[in-house]
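The values are calculated or read from the model by the stated rules, or taken from the named source; none is laboratory data. Here the structure is a predicted model, which means the values were calculated and not measured. When we count neighbours, we look across all protein chains shown, and the Cβ atoms used for this are built from the backbone with ideal geometry, even at glycine. For the accessible areas, the whole protein counts, side chains as well, though only heavy atoms, and no ligand, DNA or RNA atoms are used. Shrake-Rupley method; radii C 1.70, N 1.55, O 1.52, S 1.80 Å.
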Amino acid sequence: MRFRAKIVDVACLNHFTRVINTIAKLAKTCTLRLTVDKLYFILTDKVANGGVSMWCELSQGNFFDEFQMEGVAAEYNEIYLELTPENLSRALKTAQNAKTVKIKLTNKHCPCLTVAVELPSLSSSSRIVTHDIPVGVIPRRLWNDFREPSVPDFDVSIYLPVLKTMKSVVERMKNLSNCIMLEANLNGEMNLKIETDLVSVTTHFKGLGNPPWVSEDGSQNSTQDRDPESMAEARIDIRKLLQLLAGQQVNPTKALCNIVSKRIVHFILLHEEVSLQYFIPALA
């Protein structure tokens, strides 16, 4: 089992750092899945038990100048590691002016992701700063626990407003309640609602647009039979929504959410070769 990768391009390094910083804001620990073509950061808190889950997918060719990996066996050419993303985020903070960054899987008393940062120096020789990040190797028998979540059979899918605007609205509402009602319809309208014994506050967004979903068999999603004015709604933990909005450094070119009424809100953020899915269960 081997893994080594190298980043030379500064823009790629900055982009990768922003992705890792976002992951660190969303998960204290997560699973890193390595394949020949892609990296995945996975959080699988059981949604049924009130936990959020996350699936972030990166094409390695968009970030790394060199990328080599050998999985646990020829027929299972993948590696699954458990890590604390904050540790990787801290290591990359030292790499802002780096000439190169190398990441490899090592064994130093325990399995580690070793990040070697080559920094420019006034002398002819470079300075190398090395970070050893402890990881856990997840055995093959547990891999099925980390499969990509399917897109839920939603009632409404809608593009999100500008995330900074949405964040400032949610931040103000957080002082009034622990939960927020998210509702949307197929006319491109979305409302954020707070209702308590003392106050009722609603922010309305219009003209957002609804994504055209096509299923694998080529047919339109079943939402086409739904009344466009009818609102799908889910009441969710406001802190979990704010965690997603506040931690966002990927600057997505597309951001949307799917609502399964009274069950779950599924967010999808897309930026070039990065896709981030985030699931927040509805409160009873």
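Annotation: extensible slack from residue 128 through residue 2 equals 43.2 nm (criterion: 0.36 nm per residue apart, minus Cα-Cα distance).
If one computes P(r) from the Cα atoms of the chain, what percent of pairs lie at distances over 34 Å?
Here the tail beyond 34 Å accounts for 28 percent of pairs.
Bridgeable aspartates and glutamates around residue 102 (alpha carbons under 17 Å apart, same-chain partners fewer than 8 residues away excluded): 9, 65, 66, 70, 118, 132. With helices as the sole contributors, the chain gives -5000 deg cm²/dmol at 222 nm; each DSSP H run of n ≥ 4 counts as -39500 (n - 2.57), and the sum is divided by every residue.
Treating the Cα atoms of the range 116-184 as identical point scatterers in vacuum, please give the log10 of the normalised Debye intensity I(q)/I(0) at q = 0.18 Å⁻¹, two decimals. Log10 of I(q)/I(0), two decimals: -0.87.
Where the accessible area of the chain is counted over protein heavy atoms with a 1.4 Å probe, how much of it, in %, is carbon and sulfur? For the chain, the apolar C and S fraction of the accessible surface comes to 47 percent. One way to sum up the overall shape of the range 156-284 is the equivalent ellipsoid from its Cα gyration tensor, whose semi-axes run 23, 18, 13 Å, largest first. Reported to the nearest whole Å, the Cα centre-to-centre distance from the range 164-204 to the range 111-131 is 47.
Helix 10-26 axis versus longest C-alpha principal axis of the chain: approximately 60°, rounded to the nearest ten. Nothing charged except the Cβ atoms of Lys and Arg (+1) and of Asp and Glu (-1): what's the magnitude of the dipole of the chain about its Cα centre? Round to the nearest 20 debye. Magnitude of the dipole: close to 1240 debye.
Averaged per residue, the chain has 51 square angstrom of accessible surface, using a 1.4 angstrom probe with ligands and nucleic acids left out.
When the C-alpha to C-alpha distance is required to be over 24 Å, the pairs from 104/164; 25/93; 174/262; 28/206 that qualify are 104/164; 28/206. Taking all protein chains together and rolling a 1.4 Å probe, residue 45 ends up with roughly 80 Å² accessible.
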